[in-house]
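Presented below is the structure to which this report refers.
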Amino acid sequence: MGTAFPISRRDFLSRAGTCTLTGTLASLLAQSSLAAPEVRDASFGPHHIPKARRVIHLCMAGGPSHLETLDYKPELARRHGEPMPESFTKGQQIAQLQGQALKCFGPQHPFARYGESGQSICTLFPKIGAQADKLCIVRSMHTSEINHDPAHTMMNTGSGLSGRPSMGSWSTFELGAKTKDLPGYVVLTSVGKGGQSQPIAARQWSSGFLPGRHQGVHLKSQGEPVHYVSSPDGADLVGQRRLVDAVARLNAAENGRNPDPEIETRLAQYELAYRMQTSVPELVDLSNETEETFELYGTRGADGSYAANCLLARRLAERGVRFIQLYHRGWDHHGGIKRSMEITAKEVDQATGALLEDLDRRGLLEDTIVLWGGEFGRTPMGQGDGRDHHIKGFSVWMAGGGIRGGTSYGATDELGYAASVDPVHVHDLHATMLHLLGLDHKRSTFRFQGRDYRLTDVSGKVIQSWLA
Amino acid sequence: MEPMPTHLRPRGGPIRRGLFPRSILIRIIVGLGSHLPILHPLMLPLLAIPTGDVPVTFDRDVRPILSDNCFECHGPDTNKRKARLRLDREEGLFAVRDGRPVVAPGSSANSELYARITHADPDSRMPPAEFRHSLDEAELETIRIWIDQGAIYEGHWAWNKPVRPAVPAVADGSWVRNPIDAFVLARLDAEGLLPSPTADARTLARRLSVDLTGLPANADQIAAFERGELVEALLASAHYGERMTQHWLDLVRYADTVGYHGDQEWNMWPYRDYVIRAFNENMPFDKFSLEQLGGDLFEEPTMSDKVAAGYNRLNMVTFEGGSQAKEYLLKYAADRVRNFSTVWLGSTVGCAECHDHKFDPYATKDFYRLSAYFADIEEVGVFSGVGAVPPQMSVTSPEEEIELAEFAAAIQSLKIDLERDDPALAQGQASWESKAILEAGDGVRGSAVWLDDAQSNGGTTEGAWSFVGAGDSTPVYSGKHSRKQTGSGIVQHHFHGAEKRAALAEGDLFYTWVHLDPENPPEQLMLQFHVDGTWEHRAVWGADKISFGGVGTDREAHRQLGDLPATGEWVRLEVDPAAVGLGPGRIVDGMAYTQFSGLAHWDEAGVETDTPSLTFATGSGSVYDAVFATAEARTKEQTQLLRTYYRTISPTLNETRAALGEAEAEKDAFQQTLPVMLETVSVEPREVRVLPRGNWMDESGEVVLPGVPAFLPQGGSDKEERADRLDLARWAVSDANPLVARAFVNRVWKLLFGEGLARTPDDLGNQGARPTHPDLLDWLSAEFIESGWDVKHLVRTIVSSGTYRQSSLTRSDLVERDPFNELLARQSRWRHDAEFVRDGALAVSGLLATTVGGPSVKPYQPAGHWRELNFPMRTWKQGEADQLYRRSLYTFWCRTFLHPAMDAFDAPSRESSCAKRNRSNTPQQALVLLNDPGFVEAARALAEAPARLSPKQADGEGVQWIWSRALARKARAEELSVALALLQEERIRFHADPEATQALLAVGRRPVPDDLTDAELAAWTQVSRLVLNLHETVTRN
């Protein structure tokens, strides 16, 4: 007794010859409770040959200041303490600085040039700087959401309105994952010590209206890595295996009597669950890592740190996980930014550089997109001795996965306020990322409430000059 | 080549939307062309491109094509409309333009529309090449046939009032138990299909039990079913209300937290109690609607009405500092429109927030006119502080209301006593006044103490007030107590709205004594003053961490007064009122003592002043001013003010005042025991404008008044004043709203069949699914309305039908013919909702605590799940005793971090309305059923009986006992053998491994009984776990 749809989508499309069904059919199949049994590799697949097979998103949560990371503004330094010209700020959204006098606040740390490409990066990040020739630095990002919660939602889902799938879910929905033992979309979090740790909602890695199996799975580097992955104490894996086998036998018998694709799926999921009971501990068991690796990352792991998460990220990438997100909560520097940046930069610099280095030497970087950045930037105006949230211009960098290294793209104006050269909206970032993964962002749709939704909503363009 | 999977379309067939639209089918066939060698005979009539013989109807076949391909430019969106052509209206379709009809009935050749969609020139062809959709041959044919067959127009199925259609005749009436069956059977007859046989008693009893109460049926209930008594028993059960509430709470997005950012906790559970009660008492749906939308607006709202009206406060709100108040007020308004639209219209009016709806006739103006109904709800855009989400109210039972009334009466009589005229008092007042005047002139400053050993100023007290005594090493500055405050992050205690208020005079200074712990000092201190309903008067010392008033700013709302004072000693903090924007004559009615982390003790606070005896006013004017007003200048108000004030300090009235204080304290203490929930309070409505592109910063749009969507019947109200939420509610359940009954009936159908008759319960518009049985839906809708909106009657009617009672087993003739069961030739199977998965395990194991209603509870949850929350940081404090075993309806609902076991089984976060949950099938679910301590414990409880009886009874009997408890049937031979094998292997393992045994038995709080062999219990627990993990156990069959 097979499924109701014996023809795979790709076969179907090649015969019918139309592409406009893609989203609809995908939606139909996905919604149906009689859809084809779950397999880790989705039967959808890319639209064109991908350059990248996976993404590691290093989310600097809280909004890292572009002015103390990637965007050097000497003019801002010159004007430090002077009133911020109204021509920049008039009519613009503003967060906590509402009603305040706005003054220029110069960069609090120096910049230097790194790598053969001579990329300009703040000296707080020497290890990232050492990887400068791999990086494409984008200085002209902008977004529309000025508070943390909706800004993360925008960065993840392409909309400030909550309820839509995150980019990780879109990726696994379209492409599945190459791992048979682990979830396709994994999330890791860490908390910094250099500022208010803004909360992160589980909604950020939600599958929204996409099928629930594409939800991100939160993996913890301390304690039980995934909820419920450990057998109840006392049922060592032998006992658990027996139990799972017994469940499988009886379910299979049920399926024999009353065939139902849901039972088949459940059988597969129990198998996968059992495999996760070993694969997840195996994933977080670092005993096969070398001393050199621990020194490179600056951690021995299992300590809840960003560095530990970076090491796990590399391991996840090796095991075929499609989308890996790290949230480091610690960049919301409303006050005391000079000192806070020192602390927070130190928390991420070494391990980020290590991750790039490590992926590269294992041959993984060439098909892994690494994205580093936050949900927005910070104001060139001071907030006391800190900076407020800023959306008109901020910076991110990308590496690997078909991205041209040693380059920079776009620029903000002389005060670092607005993206003035080649502005890049979050939708453009998403469109390009999907393109590298082999997907046409306009065709990657899902019908929900009568509308064909996509990650890029109704805009987004692929930025060709980022592509190697 | 394998045969094509097809969905056959009989004559007069249904679904055009839904899962396999006809045009796609035809496209498949056309695309495959000659490649199909083997065909199922029944496919033949449909394989050809439709000819003129096949009837094509507009609403079913043509409108969806136009909606997908044309409406975006030729539809309801005024701004995007091209060529002034509107195809979503009859007038537009049959208009004559430049002498040519758009559609000429009977002649596609003369129809401009047809000409354009078949135009040879790609530049003239519609839709334009760059549009993302295009019409294929099948769709073109459909349109052509429709035109040639006479172009008979039909209104959209959901936008005309439901009229009870005639019950169709059927071939074999013996199967028909009620009219539902006639509609279903007539369809099946037309398809040449037979319905499925009736399911057996056990299946039906279990189906009814989970569908109506969310709980598994036991043997008694199966017997009751066989006697024909089960349906009534289930409808009469309190658990029915719980089950219906679970669904309703999804729709109205009920949760126990605010939703955005810090996702702080709030109390709304009395609303949940209201809903449970409403369903159990079978409250008619119209009454239910009025009470929730506008219960607070009734002439004399009861407590229940006010609780019901809490519906209006269920939307997410934010405490995130730096948020724009106006932006969030708009978000709240928009969410209310979306919610009303989903619940009472089953529609997507929310799509019209920024532009006219692209497919349905909802204009942006309609969106904002709907939002205007809710503009009278008292709220702010951005809440602040830690805790309350005002306005809030205490919820009282009738007995409690009587008690409160008694308190009020006692207090009132004491107050009258205080006010009485008395010449001795008058004399005392005169001498006090002269003394005060002398005091002012003597140049000596004193302290008007506002707070020392008790908060006796009245008003609202918030935060933790921990009075600690002197002795050991607790620092105390004055009197017997200081107040200890410690925490991580922002922590504070405060009072406001005090009866005893401070009226400021020239030269006054606020002061408070504070002691910072030298080992663990706070990083920042903040004093806040409450004046005229706001806290925007703050002074800070130390590191700038507390965000109130804005970190980094230096202004009245956040005045930097310097570094932290010295630690380890009592320090007097002083604040000049001018520094925080206050001056003489201002009346301060509250003070907040706030710190960032650390440990501090707070003590005496007050006002340093020249005239301490005049500082505290109980009225609204300044006592100081009144005393110093000369006899001629003194106003009547001032005279009264002084009279009242003197009675608060006169020694003769000490006893009366003490009695009054006690009475008020008793009342307050009693009030504290009452639950509190958010309240819907109607105030002067905010101005509502249409927002171009939904941009909250754009004020150029027109101001609108409350109104319902213009294209629907308006309902004709003669009311002259501005329409309010009650008007909206009345309209919503009136004849004027064609959608409401269909939307409700459709959802109830979904609860009982797995899918609604229209498969998109939240979109009954042009892009949504058309109902599979539109006549049946209309019949049921009319029945629902005419029964007086009787919900139990609706449920009873459906579950009594033959259609409902069919077997849900797969049928080979249906797999290819009707894979999604749209024809209802059988019932459906699906995995239980998240709540019922857990409830089922608790029920069969005997652990379920069946108490109905009450506050939310916290059963087991993995440690650290709330680690990413902040403001405040918090952990899940697991409940005690019964709280661990209540129905999952009551599990604390945290929107941003939903309980992971619930989440694994597709419970929605309730961040927004959910009319249709996902039904996923994931490894996380397997992990929950295998490893969640709640399930392991339930298995252990279930295993106690067989473990107790073995080895006295045969193992087989123990297995049968478990099967009968969990599945209400005997285990089959194979099941028996698998279970016994597992039991035996695990017995050996546990007998050899006492540690493993103890570890398993330690899972869950339930104590292990003494009269069992532990290893036996552990082994039997594995057998119970086996049963709790079976597909059958978690499936509604």
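Read the figures in this text as sums done on the coordinates, not as results from a lab. Just so you know, these numbers come straight off a predicted model, no measurement behind them. Please note: Cβ atoms are built from the backbone with ideal geometry, for glycine as well, and neighbour counts cover all protein chains shown.
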So what's the angle, to the nearest 10 degrees on a 0 to 90 scale, between helix B:269-280 and the longest Cα principal axis of chain B? 40
Would you be so kind as to identify which of B:303, B:373, B:261 lies farthest towards the positive end of the dipole of the range B:260-398, taking Lys and Arg as +1 and Asp and Glu as -1 on Cβ and the Cα centre as origin? B:261
Cα-Cα pairs in chain B separated by more than 59 Å, as a whole percent of all pairs, come to 26
Expressed in angstrom and rounded, the centroid-to-centroid distance over alpha carbons for the range A:180-258 and the range B:564-580 is 52
Applied in sequence order to the range A:303-315, the curve 6.51 cos²θ - 1.76 cosθ + 1.60 (Karplus, θ = phi - 60°) yields integer Hz couplings, x standing for Gly and Pro, of 10, x, 8, 4, 4, 4, 5, 5, 5, 4, 4, 5, 5
Once the dipole of the protein assembly as shown is set up from charges on Cβ (+1 Lys and Arg, -1 Asp and Glu), the residue from the list B:976, B:681, A:74 lying farthest towards its positive end is B:976
Given bins 10 angstrom wide, list per bin the percent of all Cα-Cα distances in the range B:916-1037, short to long. 13, 45, 32, 8, 1
Quote the FRET efficiency, to the nearest 0.05, computed for residue B:633 versus residue B:82 with a Förster distance R0 of 51 Å and r equal to the Cβ-Cβ distance. 0.10
Tell me the volume per residue, in Å³, of the convex hull enclosing the alpha carbons of the protein assembly as shown. 212
Let me know the Rg and Dmax you get for the range A:229-318 when you use only its Cα atoms, in Å. 18.3, 58
Please state the relative contact order of the range B:162-302 as a whole percent: Cα pairs under 8 Å, 6+ residues apart? 14
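What does the net charge come to around residue A:453 if you take all other residues with beta carbon closer than 10 Å to its beta carbon, with K and R at +1 and D and E at -1? Intermediate values should be presented prior to the final figure.
Working: positive: A:164, A:447, A:451, A:454; negative: A:452, A:457.
Taking every Cβ under 10 Å from that of residue A:453, the sum is +2.
Starting from the Kirkwood Rh over alpha-carbon pairs, what translational D in µm² s⁻¹ does the range A:45-142 have by Stokes-Einstein at 4 °C and 1.567 mPa s?
Details: Rh = 16.4 Å.
D = 79 µm²/s.
How much length would be gained if the chain were fully extended between residue B:412 and residue B:519, taking 0.36 nm per residue of separation minus their Cα-Cα distance, in nm to one decimal? Mind showing how you got there, number by number?
Details: separation 107, 0.36 × 107 = 38.52 nm, distance 4.96 nm.
Going from the current span to full extension adds 33.6 nm.
Going through the cross-link list A:103/B:326; B:480/B:858; A:220/B:877; B:435/B:484, which pairs have a Cα-Cα distance over 30 Å in this structure? Could you put the intermediate results ahead of the total?
Values: A:103/B:326 25 Å; B:480/B:858 38 Å; A:220/B:877 20 Å; B:435/B:484 38 Å.
Table pairs above 30 Å Cα-Cα are B:480/B:858; B:435/B:484.
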Reachable lysines from residue B:306, criterion Cα separation under 25 angstrom, eight or more residues apart if same chain: B:287, B:331, B:667, B:719, B:792
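Here is the link list: B:365/B:916; A:392/B:545; A:180/A:442; B:415/B:500; A:461/B:358. Which ones come out longer than 20 Å on Cα distance?
Numbers: B:365/B:916 28 Å; A:392/B:545 26 Å; A:180/A:442 29 Å; B:415/B:500 15 Å; A:461/B:358 23 Å.
Where the Cα-Cα span goes over 20 Å, the pairs concerned are B:365/B:916; A:392/B:545; A:180/A:442; A:461/B:358.
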Using +1 at the C-beta of Lys and Arg and -1 at the C-beta of Asp and Glu, which of A:272, A:211, A:395 has the Cα lying farthest in the positive direction of the dipole of chain A? A:211
How large is the charge dipole for the range B:312-455, taken about the Cα centre, if only the Cβ atoms of Lys, Arg (+1) and Asp, Glu (-1) carry charge, to the nearest 20 debye? 940
Pseudo-spin-label distance residue B:174 to residue B:981, built 7 Å along Cα→Cβ, given in nm, is 4.5
Show log10 I(q)/I(0) for the range B:630-733 at q = 0.24 Å⁻¹, two decimals, from a solvent-free Debye sum over equal Cα scatterers. -1.28
How big is the equivalent ellipsoid of the range B:147-212 along its three axes, where each semi-axis is √(5λ) from the Cα gyration tensor, reported in whole Å from largest to smallest? 33, 18, 12
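How big is the antiparallel share of DSSP beta bridges in the protein assembly as shown, given as a percent to the nearest 5? Mind dumping the intermediate values first?
Numbers: 92 of 125 bridges.
That works out to approximately 75 percent antiparallel.
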The local net charge around residue B:278, scoring Lys/Arg +1 and Asp/Glu -1 for residues other than residue B:278 whose Cβ lies under 15 Å from its Cβ, equals -1
Amide hydrogen neighbours beyond the local backbone of residue A:383, cut-off 5 Å, H modeled: A:388
Long-range amide H partners of residue B:825 with built H, under 5 Å: none
Taking Rh as the Kirkwood radius, which is the inverse of the mean 1/r over Cα pairs, what is the Rg/Rh value for chain A? 1.00
Evaluate the relative contact order of chain B (contact order divided by residue number), counting alpha-carbon pairs under 8 angstrom at least 6 apart; express in whole percent. 16
Expressed in Å to one decimal, the Kirkwood Rh of the range B:467-520 from all distinct alpha-carbon pairs is 14.2
Whole-Hz ³J(HN,Hα) from phi, Karplus 6.51 cos²θ - 1.76 cosθ + 1.60, for the range B:402-412, glycine and proline x: 5, 4, 4, 5, 5, 4, 4, 5, 4, 5, 4
Using modelled amide H (1.01 Å from N, peptide plane; none on Pro or chain starts), what sits under 5 Å from the amide H of residue B:555, excluding residues fewer than 5 places away? B:560
About the Cα centre of the range B:901-1002, how large is the charge dipole given +1 on each Lys and Arg Cβ and -1 on each Asp and Glu Cβ? Please answer in debye to the nearest 20. 480
Simple spin-label model, 7 Å along Cα-to-Cβ: residue A:464 to residue B:662 in nm? 8.9
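For the range B:539-589, what's the relative contact order in percent, using C-alpha pairs closer than 8 Å and at least 6 residues apart? Intermediate results must be reported in sequence, preceding the final value.
Working: 47 pairs, mean separation 18.1, N = 51.
36 percent.
Please work out the ratio of the alpha-carbon Rg of the range A:306-447 to 2.2 N^0.38 Å and round it to two decimals.
Ratio of Rg to 2.2 N^0.38 Å for the range A:306-447: 1.16.
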Whole-Hz Karplus couplings 3J(HN,Hα) for the range B:566-582, θ = phi - 60° and coefficients 6.51, -1.76, 1.60, Gly and Pro as x, run 5, 9, x, 8, 6, 10, 9, 8, 10, 10, 6, x, 4, 5, 10, x, 10
If the viscosity is 1.002 mPa s and the temperature 20 °C, what translational diffusion coefficient in µm²/s does Stokes-Einstein give for the range B:700-805 when Rh comes from Kirkwood over Cα pairs? 138
For the range A:92-248, which semi-axes, largest first and in whole Å, follow from the square roots of 5 times the eigenvalues of its Cα gyration tensor? 40, 22, 18
Suppose every K and R has +1 on its Cβ and every D and E has -1 on its Cβ; what is the size of the dipole of chain A about the Cα centre, in Debye to the nearest 20? 820
Divide the volume of the convex hull of the Cα atoms of the range A:166-219 by its number of residues and quote the answer in cubic angstrom per residue. 84
